[in-house]
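Working notes, structure below.
The values are calculated or read from the model by the stated rules, or taken from the named source; none is laboratory data. Treat the numbers as computed from the prediction; the structure is a model and nothing was measured. We place every Cβ from the backbone using ideal geometry, glycine too, and count neighbours over all the protein chains shown. Heavy atoms of the whole protein, side chains included, go into the accessibility calculation; ligands, DNA and RNA do not. Shrake-Rupley method; radii C 1.70, N 1.55, O 1.52, S 1.80 Å.
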Amino acid sequence: MARLKGVQVQIVIPSKSKLRRVSWASLHALRWLVGEGAELYLSRPPFEHSKMMTVDQHWLMLGSGNG
């Protein structure tokens with residue numbers, strides 16, 4: 001929804017997933033977002049399990065101990 005409003009969207013996902021179905025589902029949805037102008041970046045191993053979001057120069061990072 002943010003992309004449709006003209007907001008810059010950057011998405012970072014692992015370049016290699018442990019689960020094929022998760023990878024397939026992610027890439028299927030991301031095609032539309034990239035087609036609408038979102039930027040997609042693939043991170044190299046090891047797998048990073050944290051999540052980070054920035055809005056108007058404020059950031060939030062969430063994560064867990066597993067990875």
Exception for residue 58 within (1) open to solvent by less than 100 Å² (accessible area, probe 1.4 Å); (2) over 11 Å from the mean Cα position of the chain (by Cα) falls at (1)
Take the stretch 13-55 and flag every residue that is part of a strand (DSSP E or B) and surrounded by fewer than 10 Cβ atoms within 10 Å (Cβ to Cβ). 41, 53, 55
Quick one: how many residues across the stretch 17-50 are at pLDDT below 80 and among the basic types (Lys, Arg)? 1
